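Comments concern the structure below.
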Amino acid sequence: MNTLSSENKVKVTAAFLLVLLLGLFHLFNPEIFPQLWHIVTNGNMTETIEYINSFGTAAIVFSFFLDVLINAVGFLPSVFVSTANGVLFGVFVGILVSWLAETVGVILSFLLMRSILRESAQKLIAKSKYLTKLDDLSGRKGFQIMLVIRMLPYFPSGIITALGAVSKIQLRDYILANLLGKFPSTALEVVIGYELVTKQRDSRHFILVAVLALFILAGVWWYKKHGRKNESLK
């Protein structure tokens, strides 16, 4: 009961933070939401970079909260912001800002989606033995599954968040899996986007991509090995 109460408090806090974030955006610029909608939906990379850069010294702060908002909403693409971060702030700072912002955003989205979707999902799951087994699996191996899925670059973030929200994965496991899994996928998006936009080739970037690709493969291998070991113990 205490755990449930604690999680509800976290959900309320997440909702409050999201509303506060929206309020701050509006307070900063009452016309900002139509502008943001245009930027994140038109897919114009040059326009995205120019818009974020127009905030001057506050550009990095604005970009961070913009990335949080996009990932919290769940259905808007954040790859343009991640690429812009790499171009404007440099690859390494761009990776750090994008990684932390996307992680915070998907955690807020998870908490809000779970409040709305989990109860309905439980009713549907209870009607199917197959879905019940999958639901049980998501509780026992939720961390491993979420970690591997989050490592995949360019995969729709909202779909992954929704799957996590209707599953039995614990909040702590979800946060840790996203913190770890988001790093390689976000880094790849920033590096590849930077290379495509600037047309600058840097061997360090290619090395970073290779290392992160190996990290993704190692994560998949670890998950499969860990899964088989658990199955053999049953």
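The numbers here are math on the coordinates, done by the rules we state, and not lab data. A quick note: this is a predicted structure, and the numbers were derived from the prediction, not measured. For neighbour counting, all protein chains shown are included, and Cβ atoms are generated from backbone atoms with ideal geometry for every residue, glycine included.
Quick notes on this structure:
- Region 27-96: chymotrypsin sites (Phe, Trp or Tyr not before Pro) in DSSP loop, at most 13 other beta carbons within 10 Å: PHE75
- Between the beta carbons of PHE75 and VAL19, assuming R0 = 22 Å, the FRET efficiency works out to 0.75 to the nearest 0.05.
- Backbone HN-Hα couplings from phi across region 77-92 [Karplus 6.51/-1.76/1.60, Hz, Gly and Pro as x]: x, 9, 4, 5, 5, 4, 5, 4, 4, x, 5, 7, 10, x, 4, 6
- Computed E for LEU196/VAL12 - FRET, C-beta separation, R0 41 angstrom, nearest 0.05: 0.50
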